[in-house]
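Have a look at the structure below before the remarks.
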């Protein structure tokens, strides 16, 4: 980890003292924190089903046994020769069956080449993120400091340790063997860091992260934010019209908020209105995602990027939830389009080569449950909370009870008990 000069520390402290941003962020934290507090209160009063918390504690106990995650643990060496540089391979690229050396690689959209996970740091990044969220939530709901300290250990190992901490760049994300060492589209790999922003705040009332740890974490994200904004790859990703552009904006807004750059956060979420105008039609369809071979899943995937932007915007007093209310090219109609197809059993009229992501899919992530958080149930739960559309509740009720009672989002998004 690079050294952080004394003047930078002093400057950071002065910003917190003089700018008012600390208080502004404290107030902005309200919606998410209030949801968790309401859920915690109802769990104590036994007014919430306990299956989700039981699943969470099982996951947290498994996560307690995890080794520290790090990009240096991956055997492939990035082109820089520095193992602290993040490295991943494009997931949908496969060896060419018609050539001896497999080059040039060929694209099979929606079909993940298993070799890419073995070559990539992405699985470690994803597992680290979900382990920290699991442990952070477990600490919040149980106040067991073991969970907070384990989460802090994982964060330090991934970001701060001088020997294992990742360098704040994505120069070698989603490489294509024999073609490019890294691509702008690889930036989408770090969308998982958005989940970390709230997870880190869950540790605030513990002694697991010191003020210096927090300073260094914010400094790391300041450096990464600067790379995203100034590097050619980041600037290219910012121009993407589909989910890549949306997730890029969500990352910038999230990291800016975390590093107390409120003006940048506001600028990004205000500019993100363009996604509603250009990505949605009047029916709520995700026009760019419908071209994909997993169009249902990618439609949800982009909806969740828009949801993240709306949640971040809310924290700086900007309303994206109701943007374009009159034109129908809005988040409400985007969620409703998906809900309507699911609830009415309509045939999905676009290509979908795999089973639809209706509820979270668990995988064994090095002996603890890692889930894919961009499913229909979570979008419906957010949608009902914001818009109170009965269709969203009916659609949730249609999903198997066994699948939703232990769902992680039940511990993140509060709904009034009916």
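What follows draws every value from the coordinates through simple rules; no lab data is involved. Because the structure is a prediction, the values reported are computed rather than measured. When we count neighbours, we look across all protein chains shown, and the Cβ atoms used for this are built from the backbone with ideal geometry, even at glycine.
Laid out as a table, the results:
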read-out	value
Highest-first arrangement of 119-129, 162-172, 296-306, where packing means the average Cβ count within 10 Å	296-306, 119-129, 162-172
Unit Cα scatterers, Debye sum, segment 116-167: log10 I(q)/I(0) for q = 0.15, 0.20, 0.24, 0.29 Å⁻¹	-0.45, -0.71, -0.88, -1.04
Rounded to 5, percent antiparallel among DSSP beta bridges of the chain	80
Packing-based order for 189-198, 392-401, using average beta carbon neighbours within 10 Å, highest first	189-198, 392-401
Value of relative contact order over segment 30-170, rounded to a whole percent, pairs C-alpha under 8 Å and six or more apart	28
Binned Cα-Cα distances of the chain, short to long, each 10 Å bin given as a whole percent	4, 21, 33, 29, 12, 2, 0
Listed residues 158, 89, 227, most fluctuating in the chain (Gaussian network, C-alpha, under 10 Å)	227
Kirkwood estimate for segment 193-249, i.e. one over the average of 1/r between Cα atoms, Å	13.1
For the chain, built as a Gaussian network whose Cα springs stay under 10 Å, the top-fluctuating residue of 259, 210, 246	210
Helical contribution to [θ] at 222 nm, DSSP H n ≥ 4, -39,500 (n - 2.57), averaged over the chain, rounded to 500	-16000 deg cm²/dmol
Distance between modelled label sites at residue 400 and residue 385, nm, 7 Å Cα→Cβ extension	2.5
The chain: most fluctuating residue of 103, 66, 309 per GNM, C-alpha cutoff 10 Å	103
Length-normalised contact order of segment 246-403 in % [C-alpha pairs under 8 Å, at least 6 apart]	22
Residue 176 versus residue 353: modelled label distance in nm, points set 7 Å from Cα along the beta carbon direction	1.6
Average Cα contact separation per residue, the chain, under 8 Å, 6 or more apart, as relative contact order %	17
R0 of 60 Å, Cβ-Cβ distance residue 291-residue 211: FRET efficiency to nearest 0.05	0.80
